[in-house]
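Q: For reference, the structure I am asking about is given below.
Just so you know, all these numbers are worked out from the coordinates, no wet-lab data involved. Keep in mind it's a predicted model, so treat the numbers as computed, not measured.
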Amino acid sequence: MTKTEGNPSFAVKRTDIGLGLFAVRPFPKGKRMIEYVGPIISNEEADRKGGLYLFEIDEKRTIDGSARSNLARYINHSCRPNAIAYIYGQRVWIYSKRAIKAGEAITLNYGKTYFDRFIKPKGCKCETCGGRTKKKAARKSAARAAGGR
């Protein structure tokens with residue numbers, strides 16, 4: 001686990017799906033936690049650039065959050081997230097959707113467009129979906145071991 005120098009409330013850790021952002025301390029429900037930061041570019045430029053760290057803020061502008069100094073870029077997708085993003089003008093703030101425990105990964109639902117374009121083709125590996133797949137495989141394995149099919 002790597003504690004972040006700029007924000008001691010979070011740590012970047014390796015997960016099964018890459019790097020993720022984790023709470024170092026608990027956050028109550030409804031707490032503003034972190035800002036998604038980066039240069040604001042036009043949506044046309046964002047389309048040309050492509051990439052995974054682009055956060056569209058309106059029909060004309062996108063935040064390019066690709067810099068490693070943008071800790072919020074490490075927030076992974078979840079189909080049942082514990083955080084939510086709110087856009088205020090040109091700023092994006094991430095709030096806790098429910099109480100978050102110390103050591104817990106911060107997650108967002110990336111939305112249908114991003115999901116369909118980047119996640120769905122490879123299969124969702126969030127804790128909800130990946131966990132469901134792992135539990136199903138474990139049940140099948142246990143059934144085979146017990147002589148079932």
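Q: Based on the alpha-carbon gyration tensor of the stretch 1-134 and its eigenvalue square roots a ≥ b ≥ c, which shape applies: rounded if a/c is under 1.5, prolate if not and a/b is larger than b/c, or oblate?
A: Oblate shape, in that a/c is at least 1.5 and b/c is the bigger or equal ratio.
Q: For Lys125, list the aspartates and glutamates whose Cα falls under 20 Å from its own Cα; do not include residues on the same chain fewer than 8 positions away.
A: Once the sequence-local aspartates and glutamates are set aside, what remains near Lys125 is Asp16, Glu104, Asp116.
Q: Just subtract the alpha-carbon distance of Gln90 and Asp116 from 0.36 nm times their residue separation and send over the number in nm, one decimal.
A: Taking 0.36 nm per residue and subtracting the Cα distance, the gain is 6.8 nm.
Q: Here is a follow-up. Starting from the Cα-Cα distance between Lys31 and Glu44, subtract it from 0.36 nm times their residue separation and give me the gain in nm to one decimal.
A: Using 0.36 nm per residue and subtracting the Cα-Cα distance, I get 1.4 nm.
Q: In addition: Can you give the relative contact order of the stretch 1-99 as a percent, counting alpha carbon pairs under 8 Å and 6+ residues apart?
A: 29 percent
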